Amino acid sequence: MTRLPDDIDPVMLEIIQRTQGGELAVKMGIEFVELSGDYSVARMPVEGNRQVVGLLHGGAHVVLGETLGSVSSAIHAGAGRYAVGIEINATHSRSITSGWVTGTCRALNLGRTLATHEIVMTDEEGRRLSTVRMTNMLLDRPAS
């Protein structure tokens, strides 16, 4: 079960539960452990997400990072708001061929219009695999 903040916007809670982080996150096997605006954790299997020579695909690191950064930003945005990614970068430090990758997302800046997070991916032994930094713009949801 995913740990969520007590004050999460009910609309955002429903979206997270219904979509499980989105179609790509589901295809990649991403499992949320803890979610909040300033600190989130998720994990993803290496199996099924490897590139042609058997290493975890670099893009898979970015998918995990962007999923955590986007959901964290949307939670921070609050009721009646949502987040859209405007910048992302990744530095890959170590490869992995099996097991699980854990992404730990920490806020670097939580503003009214922008949220920036750093997401560190580690292996099961706690070794850093990659670092992703993402900035989201926070917008008002259109009236429906």
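The values are calculated or read from the model by the stated rules, or taken from the named source; none is laboratory data. Values in this document were obtained by computation on a predicted structure and should not be read as measured data. Cβ placement follows ideal geometry from the backbone for every residue including glycine, while neighbour counts extend to all protein chains displayed.
Tabulated data
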| quantity | calculated |
| --- | --- |
| Residue identified as of a type outside the set (G, A, S) and out of contact with any Leu (no Cβ under 8 Å at 6 or more places or on another chain) among V84, V101, V120 | V120 |
| Region 95-116 residues that are of a type in the set (F, W, Y), paired with ones that are at pLDDT 95 or above and not in a strand (DSSP E or B) (beta carbon under 6 Å, 6 or more apart) | W100/E124 |
| Scope region 111-132; condition assigned to a strand (DSSP E or B) and closer than 21 Å to N49 by Cα; matching residues | I119, V120, M121, T122, R128, L129, S130, T131, V132 |
| Top-ranked residue in region 40-56 [being surrounded by 15 or more Cβ atoms within 10 Å (Cβ to Cβ) and of a type outside the set (A, V, I, L, M); ranked as nearest to G111 (Cα to Cα)] | S40 |
| Single unsatisfied condition, A25 versus (1) small (G, A, S); (2) outside any loop (DSSP other than H, G, I, E, B); (3) touching a Pro at 6+ places or on another chain (Cβ under 6 Å) | (3) |
| Candidate set: region 78-105, residues that are farther than 30 Å from G54 by Cβ and at pLDDT 95 or above; chosen: the one surrounded by the most Cβ atoms within 10 Å (Cβ to Cβ) | A83 |
